[in-house]
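First the structure, in the form of structure tokens, and then the observations on it.
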Amino acid sequence: MIIKRLSSQEIDFPKWDNFINRYGKGLLYMQSWFLELFDENWGAFIVYDKDQMIGVLPYQYQIKWGIMKIINNPFVNELGIIYHPDHKQIQFKLFKSFKEFQFISSYKFNVDNTKTVHRRIKYEATYHLSLNKSYEEISAQYNKNLKRKLKKSEDLNFTQEGNIEDLIQLFKENVAHKINQIEEHQYDLLRKIYKALKSRNIAQVYATEINAKVISAVLMIQQGNRLIYYFAASSEKAKSVNAQAYLIDQLIKEYSERDLIFDFEGGDIPGLAQFYSSFGADRKQIPVFRQMLTERLKNFFIKK
């Protein structure tokens, strides 16, 4: 058994993707073709048993002034460790190898890695809702407030033919000013991601309209066992008529009775956490690891 640190150019993509699909439930963010969409370089720690891949930990990075810095592109929500179930012990060896990097500005593991990383790590929340039941069974678990909201949104129109440009415009007008880091090149990256997803027939923009005007939209991705609520925006009008709740309800109706997990992609903000949980979704934790050289030195002297 050996652990190798490889650049993306050294990785056999078909073998990599086959491993992710077989043992990682097809996790979108760890697909080689998805990681190749970004300007950031990527590489991975890979564990081999003879010539067989049995564990992986991918990462994105930048090199500036000759220094390697591990980063997480905002459009990559989970990476982390995936391993062959007969070799559970290697997850800890992979994490130990990863910690040798001196500069880790932010790295998101996946929801299945909560027992792998050490206790001092921080966590971000997301919410998962199983769709393997009938719509009637799922909606029966909605809380009373959500059910009242949905009764007031019956005049809305749900469309499966939403436009990515309408979604981006909604975001620019209603959300972007609340987030200081959004720049024009990031919208171009979103368009690039959408084009790649669309070419694989795994993405669709859904929207709600009132009087033929789009007031809420979301980019949904179906990959592996997840239906991902990837990028969404709503207008002020949408809030007053509960358009986002209506949109999610229609998506649940559309995809119910399938072996899928509705991944809400977030939930750290109290209002969002309450909203997502109102659909009966369960809170999950995404471990987020950060490490700078000063922290490594401090930990070294504490051990001494």
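The values are calculated or read from the model by the stated rules, or taken from the named source; none is laboratory data. Note that this is a predicted model, so its numbers are computed, not measured. All Cβ positions, even for glycine, are placed from backbone atoms using ideal geometry, and neighbour counts span all protein chains on display.
Identify, from the list ILE71, ILE67, the residue that is of a type in the set (Val, Ile, Thr), more than 18 Å from the chain's Cα centre (by Cα) and not assigned by TED's automatic domain parsing to the domain that holds TYR194.
ILE67
LEU251: surrounded by 22 or more Cβ atoms within 10 Å (Cβ to Cβ), part of a helix (DSSP H, G or I) and at pLDDT 95 or above, yes or no?
no
Is it the case that MET220 is assigned by TED's automatic domain parsing to the domain that holds VAL175 and within 24 Å of ASN73 (Cα to Cα)?
yes
Surrounded by 15 or more Cβ atoms within 10 Å (Cβ to Cβ), at pLDDT below 95, assigned by TED's automatic domain parsing to the domain that holds ASP17 and in a helix (DSSP H, G or I): is that true of GLN102 in this structure?
Criteria not met by GLN102.
If you check LEU272, LEU260, LEU251, which single one turns out to be free of Cβ contacts under 8 Å to residues at least 40 places away in the same chain, of a type in the set (A, V, I, L, M, F, W, C) and out of contact with any helix residue (DSSP H, G or I) (no Cβ under 9 Å at 6 or more places or on another chain)?
None of the other options fit; the residue is LEU272.
For the range 97-119, what are the residues that are without any contact (Cβ under 8 Å) to a residue 12 or more places away in the chain and farther than 18 Å from MET292 by Cβ?
LYS115, ARG119
Which members of the range 205-224 meet the condition of being polar (S, T, N, Q) and either under 12 Å from the mean Cα position of the chain (by Cα) or surrounded by 17 or more Cβ atoms within 10 Å (Cβ to Cβ) (or both)?
THR208, SER216, GLN222, GLN223 - these are the residues of the range 205-224 that are polar (S, T, N, Q) and either under 12 Å from the mean Cα position of the chain (by Cα) or surrounded by 17 or more Cβ atoms within 10 Å (Cβ to Cβ) (or both).
Note down all Cβ pairs under 6 Å where the first residue falls in the range 5-17 and is within 17 Å of ILE54 (Cβ to Cβ), the second is surrounded by 14 or more Cβ atoms within 10 Å (Cβ to Cβ) and of a type in the set (Phe, Trp, Tyr), and they're at least six residues apart or on different chains.
Short answer, once both residue conditions are applied: ARG5/PHE45.
Residues that are touching a Phe, Trp or Tyr at 6+ places or on another chain (Cβ under 7 Å) and not aliphatic (A, V, I, L, M): does the range 167-181 have at least one?
There is no residue in the range 167-181 that is touching a Phe, Trp or Tyr at 6+ places or on another chain (Cβ under 7 Å) and not aliphatic (A, V, I, L, M).
Which residues, counting only those in the range 254-277, are closer than 26 Å to PRO74 by Cα and either hydroxyl-bearing (Ser, Thr, Tyr) or assigned to a loop (DSSP other than H, G, I, E, B) (or both)?
Answer for the range 254-277, where residues must be closer than 26 Å to PRO74 by Cα and either hydroxyl-bearing (Ser, Thr, Tyr) or assigned to a loop (DSSP other than H, G, I, E, B) (or both): LEU260, PHE264, GLU265, GLY266, GLY267, ASP268, ILE269, TYR276, SER277.
Among the candidates ILE90, ILE81, ILE20, which residue alone is in contact with a helix residue (DSSP H, G or I) (Cβ under 9 Å, 6 or more places away or on another chain) and over 25 Å from LEU189 (Cα atoms)?
The match here is ILE81.
List the number of the failed condition for GLU78; all other conditions in (1) of a type in the set (D, E, K, R); (2) buried (at least 21 other Cβ atoms within 10 Å of the Cβ); (3) out of contact with any strand residue (DSSP E or B) (no Cβ under 6 Å at 6 or more places or on another chain) hold.
So GLU78 meets the others, but not (3).
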